[in-house]
Amino acid sequence: MARFFVAVWPPAEVVDALAGLPRDDDPRVRWTPPEQWHVTLRFLGKVDVDAAMEALGAVRVAPLEVSIGPRVERLGDKTIIVPVHGLDPIADALRAATAEIGEPVDPRGFRGHLTLGRCRDGGPTALDGQPIAVGFTSTEVALVRSDLHSDGARYTTLTTHRLAP
């Protein structure tokens, strides 16, 4: 079953910085592999791909300065994340452009984050509270296809859209 979302992929130097955080071999934690690290701007679910591409192409936002950190946190009890700041303008523009396609827009709004892993019991891990402060300029967003498999999701970027005012 394919699902779709719009995301920002962090550049290699940011992935390297995040990969340097102290992840342990805790059997309670399912770590997200670095090749899947992204910031979801808008989850679309099942959607007409042509309609999603058209909506994405209509978005006009200048490149954005993004900061990650200042430390590893939890989203709820079980999801281990790093906060991501600076992507609100593109997330807002995408919400408006895609309001009529795909899943309904999340009423909770956008909370920029990158998921590092999930802890089964919500207990502490080696990453909790670890400092991290990196940044980059986001110059494009991607329409991504997510295929669910028994061993996890596989992501494929279908197209990218350059940010420009």
Report task. Would you check which residues across region 47-86 are aliphatic (A, V, I, L, M) and in a loop (DSSP other than H, G, I, E, B) and list them? Result -> Val47, Ala58, Val59, Val61, Ala62, Val72
Requested in this report: Keeping to region 8-39, report how many residues are in a loop (DSSP other than H, G, I, E, B) and open to solvent by 50 Å² or more (accessible area, probe 1.4 Å).
Outcome: 8
Query raised in the report: What number of residues within region 87-109 are in a helix (DSSP H, G or I) and either among the basic types (Lys, Arg) or more than 30 Å from Ala126 (Cα to Cα) (or both)?
Result: 9
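A quick yes/no check of all residues on (1) part of a loop (DSSP other than H, G, I, E, B); (2) out of contact with any Ser or Thr (no Cβ under 7 Å at 6 or more places or on another chain); (3) surrounded by 15 or more Cβ atoms within 10 Å (Cβ to Cβ):
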position: Arg111; (1), (2), (3): yes, yes, no
position: Leu114; (1), (2), (3): no, yes, yes
position: Gly117; (1), (2), (3): no, no, yes
position: Gly122; (1), (2), (3): yes, yes, no
position: Gly129; (1), (2), (3): yes, yes, no
position: Phe136; (1), (2), (3): no, yes, yes
position: Ala142; (1), (2), (3): no, no, yes
position: Ala164; (1), (2), (3): yes, yes, no
Report summary line: Here the qualifying pairs (Cβ atoms under 6 Å; residues six or more apart or on different chains; first in region 65-79 and on the phi > 0 side of the Ramachandran plot; second open to solvent by 60 Å² or more (accessible area, probe 1.4 Å) and not hydroxyl-bearing (Ser, Thr, Tyr)) come out as Gly69/Ala133
Query raised in the report: From the set of residues in region 40-90 that are closer than 20 Å to Asp106 by Cα and of a type in the set (Gly, Ala, Ser), which is surrounded by the fewest Cβ atoms within 10 Å (Cβ to Cβ)?
Result: Gly76
Requested in this report: Would you mind stating whether Asp147 is more than 13 Å from the chain's Cα centre (by Cα), under 21 Å from Phe5 (Cα atoms) and part of a strand (DSSP E or B)?
Outcome: yes
Report summary line: Glu100 passes all but one of the listed conditions (1) open to solvent by 60 Å² or more (accessible area, probe 1.4 Å); (2) at pLDDT 95 or above; the exception is number (2)
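The values are calculated or read from the model by the stated rules, or taken from the named source; none is laboratory data. Predicted, not measured: the structure shown is a model, and the values here were computed from it. Glycine gets a Cβ as well: all are built from the backbone with ideal geometry, and neighbour counts include every protein chain shown. What goes into the accessible areas is simple: the full protein's heavy atoms, side chains included, and nothing from ligands, DNA or RNA. Shrake-Rupley method; radii C 1.70, N 1.55, O 1.52, S 1.80 Å.
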